[in-house]
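Notes follow once the structure below has been shown.
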Amino acid sequence: MRKSCLFSYGITLRDTGDVTVFPVAEVLFQHNKGWIPAFLLIDSGATISALPKSDASVLGVVAEQGTHMAVKGIGGAPISGWRHDIRVKLGKNMLKIPLVFLDDSQAPRVLGRAGVFEKFLVVFEESKRRTGLLGKQTKEAQIVSGVLNKI
């Protein structure tokens, strides 16, 4: 059974002095020397998780050995990348997720839906700046699902 986990939003201070907050998850990536942590933007609009190609070598992956594909971002222009199945930890949950290493050094680190959202009930609580990933079989997920069923 998947365990639930809770992540506080990330904060960025811009050069202009503006502060932005956004949903992030601490994702641990499996490496032959242990686990490597990274904070990824939780993006419900992204089908697949993505990292810049430069992260592949840090994780001990040869990006180009994956399946070549093109990914479209918000601007609609395709970005070339290579798809891999990567072992990660979210909280106490071990998952294998599809992830594309994008040939763009400015690409954001994104946790997309595939391999993640179908395993959890995802709750964005904007007012408290936190995201809950509720294990589908947990009591908490069943309560939230029950509330949604009544709407």
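Bear in mind these aren't lab numbers, they're just calculated from the coordinates by the rules spelled out. Since this is a predicted model, take the numbers as computed values, not measurements. Every residue, glycine as well, gets a Cβ built from its backbone with ideal geometry; the counts of neighbours run over all protein chains shown.
Looking only at the stretch 131-151, which residues are surrounded by fewer than 17 Cβ atoms within 10 Å (Cβ to Cβ) and either touching a Leu at 6+ places or on another chain (Cβ under 8 Å) or not in a helix (DSSP H, G or I) (or both)? Residues satisfying the conditions are LYS136, GLN137, THR138, GLU140, VAL144, SER145, LYS150, ILE151.
Considering only the stretch 107-130, I want to know if a residue exists there that is hydrophobic (A, V, I, L, M, F, W, C), assigned to a helix (DSSP H, G or I) and closer than 20 Å to LYS3 by Cβ. There is at least one residue in the stretch 107-130 that is hydrophobic (A, V, I, L, M, F, W, C), assigned to a helix (DSSP H, G or I) and closer than 20 Å to LYS3 by Cβ. Within the stretch 23-37, the set of residues being more than 11 Å from the chain's Cα centre (by Cα) and either aliphatic (A, V, I, L, M) or loosely packed, with under 14 Cβ neighbours inside 10 Å (or both) comprises HIS31, ASN32, LYS33, GLY34, TRP35, ILE36, PRO37.
Being on the phi > 0 side of the Ramachandran plot and under 14 Å from the mean Cα position of the chain (by Cα) holds for only one residue in GLY112, GLY91, GLY60, and it is GLY91.
Within the stretch 1-24, residues that are in a loop (DSSP other than H, G, I, E, B) sit with their Cβ atoms under 6 Å from residues that are of a type in the set (S, T, N, Q), at 6+ positions apart or across chains, in these pairs: MET1/GLN137; ARG2/ASN93; LYS3/ASN93; SER4/THR138; PRO23/THR131. Taking every residue in the stretch 36-52 that is without any contact (Cβ under 8 Å) to a residue 12 or more places away in the chain and more than 13 Å from PHE101 (Cβ to Cβ) and pairing it with any residue that is of a type in the set (D, E, K, R) and part of a strand (DSSP E or B), at least 6 positions away or on another chain, the pairs with Cβ-Cβ distances below 6 Å are PRO37/GLU26. Please go through the stretch 62-110 and give me each residue that is touching a residue at least 60 places away in the same chain (Cβ under 8 Å) and surrounded by 12 or more Cβ atoms within 10 Å (Cβ to Cβ), ordered by number. Those that are touching a residue at least 60 places away in the same chain (Cβ under 8 Å) and surrounded by 12 or more Cβ atoms within 10 Å (Cβ to Cβ): VAL88, LYS89, LEU90, GLY91, ASN93, PRO108, ARG109, VAL110.
Given the condition within 12 Å of the chain's Cα centre (by Cα), closer than 28 Å to SER127 by Cβ and surrounded by fewer than 16 Cβ atoms within 10 Å (Cβ to Cβ), answer yes or no: does some residue in the stretch 45-53 qualify? The answer is yes, given that some residue of the stretch 45-53 is within 12 Å of the chain's Cα centre (by Cα), closer than 28 Å to SER127 by Cβ and surrounded by fewer than 16 Cβ atoms within 10 Å (Cβ to Cβ).
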